[in-house]
1. Determine whether the stretch 351-373 contains at least one residue that is in contact (Cβ under 8 Å) with a residue 12 or more places away in the chain and on the phi > 0 side of the Ramachandran plot.
2. Conditions: (1) over 19 Å from the mean Cα position of the chain (by Cα); (2) of a type in the set (A, V, I, L, M, F, W, C); (3) modelled with pLDDT of 95 or more. V299 meets all but one. Number of the miss?
3. If you take the residues of the stretch 222-258 that are β-branched (V, I, T) and outside any helix (DSSP H, G or I), which of them is nearest to L92 (Cα to Cα)?
4. Can you name every residue in the stretch 178-213 that is within 12 Å of G77 (Cβ to Cβ), among the aliphatic types (A, V, I, L, M) and part of a loop (DSSP other than H, G, I, E, B)?
5. Within the set of pairs 6 or more residues apart or between chains, which connect a residue that is in contact (Cβ under 8 Å) with a residue 12 or more places away in the chain and within 23 Å of M268 (Cα to Cα) inside the stretch 27-51 to a residue that is outside any loop (DSSP other than H, G, I, E, B) and polar (S, T, N, Q) with Cβ atoms less than 7 Å apart?
6. For the stretch 259-268, how many residues are part of a loop (DSSP other than H, G, I, E, B) and free of Cβ contacts under 8 Å to residues at least 40 places away in the same chain?
7. Condition first: more than 28 Å from A382 (Cα to Cα) and touching a residue at least 40 places away in the same chain (Cβ under 8 Å). Can you find one or more residues in the stretch 152-159 that meet it?
8. Which members of the stretch 44-96 meet the condition of being over 20 Å from A144 (Cβ atoms), in a helix (DSSP H, G or I) and among the small types (G, A, S)?
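The values are calculated or read from the model by the stated rules, or taken from the named source; none is laboratory data. None of the values given here were measured: they were computed from a predicted structure. Backbone-built Cβ (ideal geometry, glycine too); neighbour counts: all protein chains shown.
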Amino acid sequence: MAERAAEAAPDASARSGGLAACLFAAALASPQRTALRDSGDRVAWCGRPAITWTYAAAAEIVGRLARGIGTWRLPAGSRIGLWFSGGAESALAHLAVEAAGHLPCPMPAVWDSGQLSAGIAAAGFVAVLTEGRRGPRRPAEELARAAMGHFGLRYLAAFGPGVPDGVISLDAMALERGIVEPAASRGLVTFAGGDPGRPIFRTAAALTAAIDAHLDALPVTGDERILTLLPAHDLRGLVTGLGAALSAGAGLETVIPFDEAGFRAAVMRPVPTRLVVPALIESALSALTLPWTVRTLDVVHRVPAGLTPGAPDSAGPQRIDSLVFDEDAVLTRPGGRDLAATLAHPERAPLPRALLALARGADGRVAYRGPACAAAPLARGAVPEPDGQAWRSSGYRPVLSDGIVTGVEPA
């Protein structure tokens, strides 16, 4: 079993090509292994049933979508927005844009029409992919109205139902025969703090390094699934979810939007599981008895944050803590105690320093450098060249109480 799981993981050459390249490599090695799965009442949420995608099926659909996007004849490296609530369709759209040779630019699903318009303008999108229904909202219709104010926005596309006139059906595109091999990733764009006016660019190598730094503390194997409550519209969701799963050849299952019944059903599925949850629901989660199949619990914090190091809990799954510095860096350590100690004394921590190095300045601020945190603001013009070797201040410092880090606050 362990040998088959190891064979499912994409090799270094595939991983250097980006997430879509990882998908295609795993599809060749283990075509029937589960890649993507949705949980919860999807019909009520978006009018579509939950689908389980094998690596082979996912690669086929991504290849077809990439071929369809290629017919738009956009310049290579064009910026294409992704406005999804999360789940398998969000992942397929992200991978298709990357495979077509463009920059995937995920946007938070909670944006209103004004924020959507601001994000389109700030990042200079030439196309946006979305969904027809999202609970009570109709994103494709909202996008069509927003597009009237952006002459540079040339293509709108959405998964149905509820795709209005003037918006390309991604469902129809996925049915067309013919696929393309994935182009090497050109990177991606996310939005700092969910602010539509602050698009951030990172290269494919920087994203790979961030995923590797995360997996250094949380090794995942191909026989496991990552069950996540975080959408992949920012660095934290991409690194801890889609990126980690594809890099290991593992499965990714999402419970988005969160509903208790859907989560309970998903977590009880008899599959070796790495559970990823936002710190916001940690207290509620403590009231549940997790099954033995949950091997690790990854609690994801976003700065500023309070931390409760506590003592190791031998009764539950292994605890992992990830601290996210906006769209700059993800620091993952084996438990709250280790995370607190790393923030207090980063020079002593056994970090993968070739990927992500930490230090504290005289003013107490945390600084970092390395390819895992190489990111830079994106302007309307040329794509920037982030410098991963220069030290950058996070703007945050640890909160100490009796020598123990209990949180991270703005400096």
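1. Yes, there is a match, as at least one residue in the stretch 351-373 is in contact (Cβ under 8 Å) with a residue 12 or more places away in the chain and on the phi > 0 side of the Ramachandran plot.
2. All conditions are met except number (1).
3. Of everything passing the filter in the stretch 222-258, T254 is nearest to L92 (Cα to Cα).
4. Listed by number, the residues that qualify are A183, A184.
5. Q32/T54; R33/T54; T34/T52; T34/T54; A35/T54; R37/T52; D38/T254; S39/T254
6. 1
7. Yes.
8. Of everything in the stretch 44-96, those that are over 20 Å from A144 (Cβ atoms), in a helix (DSSP H, G or I) and among the small types (G, A, S) turn out to be A44, A56, A57, A58, A59, G63, A66, G70, A88, A91, A96.
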